[in-house]
Amino acid sequence: MRNGMTSRVEYWGARLFPLVLLLLLAVAAWQWRGGAPVSANLLELVPSGKPDALEQLAVQRMQEPLNRELLVLISHPQREQALTLAAELGKRWQQQALFEKVQWDPQADLSGLRQQLQDQRLALLPAADRQLLIDDPDAFIAQRSQDLFDPFRSQGVVATNDDLLGLSTRVEKSLPHNHNIQVDLSGALIAESAGTTWALLRARSTADAFDGNLALAVDDLVTQAREEVQARGGQLLASSGMLYSAHGQREATREIAVMGSLASAGALLLMLLVFRRVRVLLAFVPAAIGVLAGLTACVAVFGHIHVMTLVLGASLIGVAIDYPLHLLSKSWTLQPWDSWRALRATLVGLTLGLVTNVIGYLALAFTPFPALKQVAIFSAAGLLGAYLSTLYLLPTLLGKAVIRPWQPPHTLARYLLEWRETLLRRLPTPWLLLIFALFCAGGLLQLSHKDDLRQWASVPPQLLEQSKRISEIVGVQPTSQFFLVRGKDEEQLLQRQQALSQRLDTLVKQGRLRSYLALSQLIAPREQQERLRQAVGQLTRHSTALTALGIPAAAIEQEVRHLQTLPTLSIEQVLEAPLGEPWRPLWLGTTDDGQVAGLISLQGLSDSDLLAAQAEGLDGVKLVDRLGELNRLFAATQVSAAELKLASCLLIFAVLCISFGARGAARVLAISLLAALASLASLGWLGQPLTLFSLFGLLLVTAIGVDYAILIRERVGGAATSLLGTLLSALTTWLSFGLLAVSSTPAVSNFGLTISIGLAFSFLLAPWAGEAHSRERHA
């Protein structure tokens, strides 16, 4: 009856599975109808934590310039040639659809700037000048009188006759100028550094660095421009988040191609060498279907798949090929060969292997890291697809093919078992266990710890060096930290920013902070604008020093009356005008709860630990330190990783108990746990740090290592056949994860190295999983 039921399952499964496969292909084609749903955004790899919507908007606003702005510097032994090269490049890029704005000269709206300085001078007057005019009008007028004798201090965009009291000029002279960028007499933007003139060009892309292939296209333009400039004897430096994104995309694409190709080629050669039939290469079909199932499931759940997931998921080929290998490896003893008979003999082991592997991968879905969640879904769905293909498609594909594998590997497996028995007679298991314990203890004592966001990315030295040089030349050193300030209205917001600015000014004076940018630097609160307007009305009584210079009293009185008619301005009114451009990203507007919010950006911070103290005691002020938060989250997730490890082990133990009982399950699970421990110790001996990705890798060591122990314990086809099947499986898996270990991305490399070492120990320890079972069967 049981064989009959199994036959019916085989019969209908083999006929229905092609329909399921066609449905999978149709869904995948629909998902890819508009192009590859692949993302390269590095920010998607890390947890978002639990910030409120306003904080998320603030982070996005501060990151936008990094993702869309491109800064290029060009130098040449002949100064004028550098300016010419920049202008030529700017005009050419201006025609590119990639950029919404390209600037190589100020292109300033002088009339608009002049008009703003006249119309908004009360609102824009710096705090020190404002306070001086209110508290001591005589001193203010005396300073103005002195300024009129100094052409460098009295002349500005607004003519003196239109600015008798000098308010517009004071606004113009006080605007923050925390960089080395200047306007050349020719109108070009330049920066002087170490006796070299650099022509500056800025471009803003139409989309951000992670939108499709935009970053790659921008990187190609920069490469082409650099070659042209160098050919004409110049030098070009470029810095942008788009260049880092392009490097990441290209590196990921290269690694996917190399790792996938080498893993597939290695498995292909191994199978041809061992089974000596071209037809056995059909065993790759389940692996290919598994990759397709993983891609489709990942896009269905997340809407896209990240390139980092593809890099990590490249190892799926080595794991998915295990199921066909387990089936084919029985051909050494199950002769004459019949695919369906071999499948029935190995079905329990295949199923247990699938369940334990899926448990290990799905444990990653409960981590806070989006990249690992994608890997979990991709791999779990991929393994299920490969498993079902092995059950219901591979036997049909293999058909009645006669498979007579190469015998030397089987002979080698028997020799290894005999050598192991000889070793155990000379060095019993307890002594080996002691040596193993000493090895683990020594390694664990040397194990160091490291967790850092920079592990996620492979940072090319040349780009990093260019960014540093540009920062030095231009004098701009942005930081990842900033302050988010809330208030019930604009008045309170500006007052709170002023209070924080006083503390930041102290850091600037101490040299611990280069500069900062705040809305309160640009515009005064409404109450202070009103006080200033009232104080201006009294200036006619303190204008003796000006009339002594020959300025008519009537003209001064007319100027005062005009100033009193200027309206009280809001933040948005000031930001709309030309002078407000640098501050526009700092204004977040009205929040969902009816409050208003603004940002304070920072430049050239020497010690980030100082910032938290600056916000203490100030209502509505919060330091946003995304990098620090992520690194703290990395440390906190260590506990989560340990909990996931325990939970997955308990679940795997429960599954194994069904087939092996409590004692057998404990023995099988203990093998993989010892392998995980040995993997950690090996990291210590190799001088490699323990990272969060090491711990996540250990989840897979446990799950996949259990698979090896199950195969050895079942001994389908005999001990030598089981060992050989496990070795073939291990070789393909080692190849896949071993390739991850040489990835240029530190996180991926650490992940792959941990798993590779752990699986090596899983194979070495796996024979102990079947010893007690073997003795019980022969008792």
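For Phe302, the accessible area of its heavy atoms, probed at 1.4 Å with every protein chain present, is near 70 square angstrom.
With a cut-off of 8 Å between alpha carbons and a minimum separation of six or more residues, what is the relative contact order of segment 648-773 in percent? Don't skip to the end; give the middle numbers.
Numbers: 159 pairs, mean separation 43.3, N = 126.
The normalised contact order for segment 648-773 reaches 34 percent.
Kindly rank 120-126, 61-67 from highest to lowest mean number of other beta carbons found within 10 Å of each residue.
Working: 120-126: 23.1, 61-67: 17.3.
Order by mean packing, descending: 120-126, 61-67.
What is the gain in length, in nm to one decimal, between Gln182 and His562 on full extension, counting 0.36 nm per residue of separation less the C-alpha to C-alpha distance? Before the final figure, lay out each step's value.
On the way: separation 380, 0.36 × 380 = 136.80 nm, distance 3.35 nm.
Length difference between fully extended and current span is 133.4 nm.
May I ask for the angle, rounded to the nearest 10°, between helix 339-363 and the longest principal axis of the chain, with both axes built from Cα atoms and the value confined to 0 to 90°? The answer is roughly 30 degrees. Solvent-accessible area per residue in segment 335-465 equals 50 Å², computed with a 1.4 angstrom probe and all protein chains kept. Between Ala14 and Arg276, the contour length at 0.36 nm per residue exceeds the Cα-Cα span by 91.7 nm. Relative contact order, whole percent, for segment 674-745 stands at 20, derived from Cα pairs under 8 Å and 6 or more residues apart.
May I ask you to list the chymotrypsin sites (Phe, Trp or Tyr not before Pro) in segment 313-378 that are in a DSSP loop and have at most 12 other Cβ atoms within 10 Å of their Cβ? Each step should come with its number before you reach the end.
Working: sites: Trp332, Trp337, Trp340, Tyr361, Phe366, Phe378; in loops: Trp337.
Taking segment 313-378 and a limit of 12 other Cβ atoms within 10 Å, no loop chymotrypsin sites (Phe, Trp or Tyr not before Pro) are found.
Here the Karplus curve 6.51 cos²θ - 1.76 cosθ + 1.60, taken at θ = phi - 60°, turns the phi angles of segment 83-98 into couplings of 5, 5, 4, 5, 5, 4, 5, x, 5, 5, 5, 5, 7, 7, 6, 5 Hz, with x standing for Gly and Pro.
Taking segment 610-657, which GluC sites (Glu not before Pro) meet the DSSP loop condition and have no more than 12 other C-beta atoms within 10 Å? If you can, show how the numbers build up before the last one.
Details: sites: Glu616, Glu629, Glu643; in loops: Glu616.
Listed in order of number, the matching sites are Glu616.
Rounded to the nearest 0.05, what FRET efficiency do Leu113 and Thr223 have when you use their Cβ-Cβ distance and R0 = 35 Å?
Working: r = 37 Å, r/R0 = 1.04.
About 0.45, to the nearest 0.05.
The modelled label-to-label distance for the pair Leu66/Trp406, using points 7 Å beyond Cα in the direction of Cβ, is 5.2 nm.
Suppose the chain between Leu651 and Val639 were pulled fully straight at 0.36 nm per residue; how much longer would it get relative to their current alpha carbon spacing? Let's see the in-between values first.
On the way: separation 12, 0.36 × 12 = 4.32 nm, distance 1.85 nm.
Extending this stretch completely gives an extra 2.5 nm.
Report, in degrees rounded to the nearest 10, the 0 to 90 angle that the Cα long axis of helix 2-31 makes with the longest principal axis of the chain. Approximately 20 degrees, to the nearest ten. Highest mean first, the peptides 679-686, 533-540 sorted by other C-beta atoms within 10 Å per residue fall in the order 679-686, 533-540.
Figure legend: label point modelled 7 angstrom from the Cα of Leu416 along Cα→Cβ; residues of segment 320-342 with amide N under 19 Å from it are 320-334.
Treating the angle as unsigned and between 0 and 90°, give the value, to the nearest 10°, between the Cα long axis of helix 490-509 and the longest Cα principal axis of the chain. Orientation of helix 490-509: about 80 degrees from the principal axis. Per residue, the accessible area of segment 529-678 comes to 48 Å² when a 1.4 Å probe rolls over the protein heavy atoms.
Using C-alpha pairs under 8 Å with a sequence gap of at least 6, the mean separation divided by the residue count of the chain gives a relative contact order of 19 percent. Each residue, Phe149 and Glu581, gets one label point 7 Å from its Cα in the Cβ direction; the gap between the two is 3.8 nm. Checking the cross-link pairs Lys400/Lys645; Lys468/Lys622; Lys101/Lys373; Lys450/Lys622; Lys91/Lys468; Lys373/Lys622 against a 32 Å limit on the alpha carbon distance flags Lys400/Lys645; Lys101/Lys373 as lying beyond it.
For a quick protection proxy, order the peptides 15-24, 418-427, 318-327 by their average other-Cβ count within 10 Å, most packed first.
Numbers: 15-24: 13.3, 418-427: 10.7, 318-327: 27.9.
Result, highest mean Cβ count within 10 Å first: 318-327, 15-24, 418-427.
Computed from the C-beta positions of Ala142 and Leu627, the FRET efficiency with R₀ = 35 Å rounds to 0.10.
Take the Cα of Asp135, step 7 Å toward its Cβ, do the same at Asp505, and the gap between the two points is 1.0 nm. Given a Förster radius of 56 Å and the C-beta distance between Leu424 and Asp609 as r, what FRET efficiency does 1/(1 + (r/R0)^6) yield to the nearest 0.05? Step by step, r from the Cβ atoms, then E = 0.50. Counting protein heavy atoms only, the chain has 59 percent of its accessible area on carbon and sulfur, 1.4 angstrom probe.
The values are calculated or read from the model by the stated rules, or taken from the named source; none is laboratory data. These numbers come from a predicted model, not from an experiment. Cβ sites come from the backbone with ideal geometry, for glycine too, and all protein chains shown count toward neighbours. For the accessible areas, the whole protein counts, side chains as well, though only heavy atoms, and no ligand, DNA or RNA atoms are used. Shrake-Rupley method; radii C 1.70, N 1.55, O 1.52, S 1.80 Å.
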